[in-house]
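Taken together, the values in this text are just the output of simple stated rules run on the coordinates, not laboratory data. Keep in mind that this is a model prediction, so the values were computed, not measured. Glycine also receives a Cβ, built like all others from the backbone with ideal geometry; neighbour counts cover every protein chain displayed.
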């Protein structure tokens, strides 16, 4: 890995279109220098996963993603044997065994049976892919808080030793330690052991200026006035008591949709018709529909928009 400075990391992130800040730059820099996993928490849709994607692009390496979910176990994260291919291989061996045997044929069959548990039949899942990669990848362990505590303990062991033991093959050790990004939405509280193992970064909803910069960067064809109005509305929307507060991902989706419609300004009717882009809960949609007039008056958005 090249020797990076905080300035070079900031440049790498910005060159990939990521609107960063000193805290993010410092966290990524220290994670790379200390070879420690970076645990990123924050509300859904604020760009936690994007950091791993941008890191992979900036470092010119592969991104390997382990999506966590309830019921995830070690075999699904590490490896599985390709049983169907093994069975087919056994069938072929049975056919060969029916042929007249010679010493040479017997030796060949024995050799074939020994390969039944080899890389040829091994399905590498994300953790094993990361350990055996030809260069240090970025390993994204996404939404780790959706997996159970037993899997979290297993994950700690892998992150500590960077080796995996496969009974039929032996111990496989990493030749290149991955850059690890772990994300969580605080669905459940993570263990103190995992938190101690990682560096920590909290990402909150962006302020107006940062959100506007992100929208203009991600949706370059958008009308500037529309982008300002969208970000003004989203900042006010997040002040409401909602079931699922929209993040920057929803802002970008909304901006992309309105730009595709060649809209150059917001009005109340348009907002009502497109709420489904930014709100994903019917109670939230209803709440905002009933609050639109009050929202405009309370925030002064109507007069502000008229001046844009």
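Each part gets one Cα centre, and for the range 266-280 versus the range 121-181 those centres are 43 Å apart. Going by neighbour counts of Cβ atoms within 10 Å, the residues 157, 50 line up, fewest first, as 157, 50. Rounded to 0.05, the FRET efficiency of the residue 209 and residue 153 pair, given R0 = 51 Å and the Cβ-Cβ distance, is 0.75. The gain in end-to-end length when the residue 285 to residue 16 segment is fully stretched comes to 93.5 nm, 0.36 nm per residue minus the alpha carbon separation. For a test of the definition: using alpha carbon positions, the gyration tensor, and the 1.5 limit on a/c, classify the range 150-231 as rounded, prolate or oblate. Here the range 150-231 falls in the prolate category. Packing-based ranking of 236-248, 173-185 yields 173-185, 236-248, ordered from highest to lowest mean Cβ neighbour count within 10 Å.
When peptides 14-21, 39-46 are ranked by their average number of other Cβ atoms within 10 Å per residue, the highest-first order is 39-46, 14-21.
Between residue 195 and residue 60, the contour length at 0.36 nm per residue exceeds the alpha carbon distance by 45.8 nm.
Counting 0.36 nm for each residue step from residue 87 to residue 123 and taking away their Cα separation leaves a gain of 11.5 nm.
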